[in-house]
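Chemist: Encoded as structure tokens, here's the structure I'll be asking about.
The values are calculated or read from the model by the stated rules, or taken from the named source; none is laboratory data. Just so you know, these numbers come straight off a predicted model, no measurement behind them. Glycine gets a Cβ as well: all are built from the backbone with ideal geometry, and neighbour counts include every protein chain shown.
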Amino acid sequence: MLNIVLFGPPGAGKGTQSERIIEKYGLKHLSTGDIFRANIKGETELGKLAKSYIDKGQLVPDEVTINMLKSEFKKVENPKGFIFDGFPRTNAQAAALDEFLTSENTAISGMVALDVEESELRERLRKRAEVSGRTDDADPNIIQNRINVYKAETLPVKEYYQKQDKYSEINGIGSLDEVTARLFKAIDSL
Ligand code: ADP
């Protein structure tokens, strides 16, 4: 299986690029943010819990997120592989994912990170807020909180994969097609 972790700060373009990657490589897209939003829309218990964190720009607790991801993974029959988008976001999630994939007789092929500078991220999130209807994009304070959480809790996940020699980084600035081409190249050399 080809199992890719797509990594990058909020607004880096993970969602958009994921769509192109799943199409080319026939992978299943597992976006924890999308799954939480679907649960919020469906007003499930999980959705209510997740919303209380997401609306503040905080992370949903690891245990909740990990259990949800495992159950979504298990729903997929005969997968060719997965693209993990927005997960793992903490070192504890990364370790839990490794352990889980080992029990499923597979492993992460590599992490590919989209590098985008902070001023550009803020601008993209501001524009996205106008069309996405996402409450966590609408408020500059919440955006700042997400960027802070990213730096404190999520950036260390990069080192987790670097230590395993599974990390590659590409420039996330440029046209959508340019970024896609760089991503395909990075994935092809995993
Ligand atoms: P973005 O990349 O724009 O921050 P996501 O859609 O990936 O957006 O995530 C939205 C929110 O959902 C996050 O700010 C966080 O509150 C929650 N979330 C998503 N993935 C995780 C995760 N792996 N662990 C904890 N919380 C998560």
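Chemist: Let me confirm something: among L121, L190, L176, which residue is more than 24 Å from A38 (Cβ to Cβ), within 13 Å of the ligand (Cβ to nearest atom) and either modelled with pLDDT of 95 or more or surrounded by 14 or more Cβ atoms within 10 Å (Cβ to Cβ) (or both)?
Modeler: On the way: L190 fails: within 13 Å of the ligand (Cβ to nearest atom); L176 fails: within 13 Å of the ligand (Cβ to nearest atom).
Among L121, L190, L176, only L121 is more than 24 Å from A38 (Cβ to Cβ), within 13 Å of the ligand (Cβ to nearest atom) and either modelled with pLDDT of 95 or more or surrounded by 14 or more Cβ atoms within 10 Å (Cβ to Cβ) (or both).
Chemist: Sticking with this structure for a sec: Give the residues of the range 92-138 that are of a type in the set (D, E), in contact (Cβ under 8 Å) with a residue 24 or more places away in the chain and touching a helix residue (DSSP H, G or I) at 6+ places or on another chain (Cβ under 9 Å), sorted by residue number. Quick ask: steps written out before the conclusion?
Modeler: Filtering the range 92-138 for residues of a type in the set (D, E) gives 98-99, 104, 115, 117-118, 120, 123, 130, 136-137.
Still in the running and in contact (Cβ under 8 Å) with a residue 24 or more places away in the chain: 104, 115, 117-118, 120, 136.
Scanning the range 92-138 gives E104, E118, D136.
Chemist: Also, I was wondering about something else. Step by step: first the residues of the range 71-93, then only those that are surrounded by 15 or more Cβ atoms within 10 Å (Cβ to Cβ) and of a type in the set (D, E, K, R), then the one that is farthest from I143 (Cα to Cα). Which residue is that?
Modeler: E72
Chemist: What about V60, is it within 15 Å of the ligand (Cβ to nearest atom), closer than 23 Å to T135 by Cβ, in contact (Cβ under 8 Å) with a residue 40 or more places away in the chain and surrounded by 15 or more Cβ atoms within 10 Å (Cβ to Cβ)?
Modeler: Spelling it out, it is not the case that V60 is within 15 Å of the ligand (Cβ to nearest atom), closer than 23 Å to T135 by Cβ, in contact (Cβ under 8 Å) with a residue 40 or more places away in the chain and surrounded by 15 or more Cβ atoms within 10 Å (Cβ to Cβ).
Chemist: Picking from I4, I21, I54, which residue would you name as being in contact (Cβ under 8 Å) with a residue 40 or more places away in the chain and within 11 Å of the ligand (Cβ to nearest atom)? Break it down stepwise before answering.
Modeler: Values: I4 fails: within 11 Å of the ligand (Cβ to nearest atom); I21 fails: within 11 Å of the ligand (Cβ to nearest atom).
Of the residues listed, the single one that is in contact (Cβ under 8 Å) with a residue 40 or more places away in the chain and within 11 Å of the ligand (Cβ to nearest atom) is I54.
Chemist: Take the range 63-106 and flag every residue that is touching a Lys or Arg at 6+ places or on another chain (Cβ under 9 Å), away from the ligand (no atom under 12 Å from the Cβ) and assigned to a loop (DSSP other than H, G, I, E, B).
Modeler: Passing the criteria: V76, P79, K80, E104.
Chemist: Considering only residues that are closer than 19 Å to I66 by Cβ and in a strand (DSSP E or B), which ones fall in the range 1-39?
Modeler: N3, I4, V5, L6, F7, K28, H29, L30, S31
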